[in-house]
1. Quick one: which residue in 73, 81, 14 is surrounded by 11 or more Cβ atoms within 10 Å (Cβ to Cβ) and either closer than 23 Å to residue 106 by Cβ or at pLDDT below 90 (or both)?
2. Output the residues belonging to the stretch 127-150 that are within 15 Å of residue 93 (Cα to Cα), in contact (Cβ under 8 Å) with a residue 24 or more places away in the chain, in a loop (DSSP other than H, G, I, E, B) and in contact with a strand residue (DSSP E or B) (Cβ under 7 Å, 6 or more places away or on another chain).
3. Kindly indicate the residue of the stretch 105-120 that is over 10 Å from residue 162 (Cα atoms) and out of contact with any helix residue (DSSP H, G or I) (no Cβ under 6 Å at 6 or more places or on another chain) and also farthest from the ligand (Cβ to nearest atom) among those meeting that condition.
4. Given the criterion away from the ligand (no atom under 16 Å from the Cβ), modelled with pLDDT under 85 and within 28 Å of residue 131 (Cα to Cα), identify the matching residue among 57, 43, 22, 94.
5. Can you confirm whether residue 142 is modelled with pLDDT under 90, within 16 Å of the ligand (Cβ to nearest atom) and within 26 Å of residue 62 (Cα to Cα)?
6. Given the condition farther than 21 Å from residue 89 by Cα, in contact with a strand residue (DSSP E or B) (Cβ under 9 Å, 6 or more places away or on another chain), within 16 Å of the ligand (Cβ to nearest atom) and free of Cβ contacts under 8 Å to residues at least 60 places away in the same chain, answer yes or no: does some residue in the stretch 151-163 qualify?
7. Residue check: is residue 123 more than 15 Å from the ligand (Cβ to nearest atom), free of Cβ contacts under 8 Å to residues at least 24 places away in the same chain, exposed (fewer than 14 other Cβ atoms within 10 Å of the Cβ) and more than 15 Å from the chain's Cα centre (by Cα)?
8. Report whether or not residue 37 is outside the structural domain of residue 155 (by TED's automatic domain parsing) and either within 21 Å of residue 159 (Cα to Cα) or not in a helix (DSSP H, G or I) (or both).
Ligand code: FES
């Protein structure tokens, strides 16, 4: 992050907000984005579930419940698919799943350095979890937030316009939010 002696502060990382009722999906509403992309296509359920797992590192139950009506498939059918294919995970590979977008827009804006910084600060490689299973780090394809590239999702929260130096801030924000939630 910048220091006060610099003439102009760089843009702060953006935390995307959920869409208001009746408004188009905000970048953070990943389920709506995924449903919209796949609902009209044949064989779309498996592809949608692939994308959910790529985004979150697994298929969270609340996302499966939200996805079902949006894609026009019964929840039971989703769980038939999830349990049939070993590839799909229904539990998180880490308490916090960090998904760094490596799609074209994010790649051009330096997502490689952001991924490298997460790897260095968390102490685990891309595609792996920390030994305490607190963090899981993965690179993912476009997450539909190209307007705020480079973007990262941590447990469904989108952080955008990141610089490599913002990685420590993102980690701190995730831990602070988790500690605050634990007190409630
Ligand atoms: S390429 Fe990263 S959000 Fe689209």
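The values are calculated or read from the model by the stated rules, or taken from the named source; none is laboratory data. Computed from a prediction, not measured in an experiment: that's the story for all the values here. Glycine also receives a Cβ, built like all others from the backbone with ideal geometry; neighbour counts cover every protein chain displayed.
1. Values: 73 fails: either closer than 23 Å to residue 106 by Cβ or at pLDDT below 90 (or both); 81 fails: either closer than 23 Å to residue 106 by Cβ or at pLDDT below 90 (or both).
Only one candidate qualifies: 14.
2. 134
3. At the first step, the residues of the stretch 105-120 found to be over 10 Å from residue 162 (Cα atoms) are 105, 107-108, 112-113, 115-120.
In the following step, the residues that additionally are out of contact with any helix residue (DSSP H, G or I) (no Cβ under 6 Å at 6 or more places or on another chain) were identified as 107-108, 112, 115-116, 119-120.
Details: 107: 7, 108: 9, 112: 12, 115: 12, 116: 16, 119: 18, 120: 21 Å.
Going through the qualifying residues, I end up with 120.
4. Details: 43 fails: within 28 Å of residue 131 (Cα to Cα); 22 fails: within 28 Å of residue 131 (Cα to Cα); 94 fails: modelled with pLDDT under 85.
That would be 57, the only listed residue that is away from the ligand (no atom under 16 Å from the Cβ), modelled with pLDDT under 85 and within 28 Å of residue 131 (Cα to Cα).
5. On the way: modelled with pLDDT under 90: yes; within 16 Å of the ligand (Cβ to nearest atom): yes; within 26 Å of residue 62 (Cα to Cα): yes.
Answer is yes for this residue.
6. Quick first cut of the stretch 151-163, residues farther than 21 Å from residue 89 by Cα only: 151, 158-163.
Those left that are additionally in contact with a strand residue (DSSP E or B) (Cβ under 9 Å, 6 or more places away or on another chain): 151, 158-162.
Within this subset, residues satisfying the condition of being within 16 Å of the ligand (Cβ to nearest atom) are 151, 158-162.
Still in the running and free of Cβ contacts under 8 Å to residues at least 60 places away in the same chain: none.
No, every residue in the stretch 151-163 fails to be farther than 21 Å from residue 89 by Cα, in contact with a strand residue (DSSP E or B) (Cβ under 9 Å, 6 or more places away or on another chain), within 16 Å of the ligand (Cβ to nearest atom) and free of Cβ contacts under 8 Å to residues at least 60 places away in the same chain.
7. On the way: more than 15 Å from the ligand (Cβ to nearest atom): yes; free of Cβ contacts under 8 Å to residues at least 24 places away in the same chain: yes; exposed (fewer than 14 other Cβ atoms within 10 Å of the Cβ): yes; more than 15 Å from the chain's Cα centre (by Cα): yes.
Yes: the conditions hold for residue 123.
8. Values: outside the structural domain of residue 155 (by TED's automatic domain parsing): yes; either within 21 Å of residue 159 (Cα to Cα) or not in a helix (DSSP H, G or I) (or both): no.
For residue 37, the condition - outside the structural domain of residue 155 (by TED's automatic domain parsing) and either within 21 Å of residue 159 (Cα to Cα) or not in a helix (DSSP H, G or I) (or both) - is not met.
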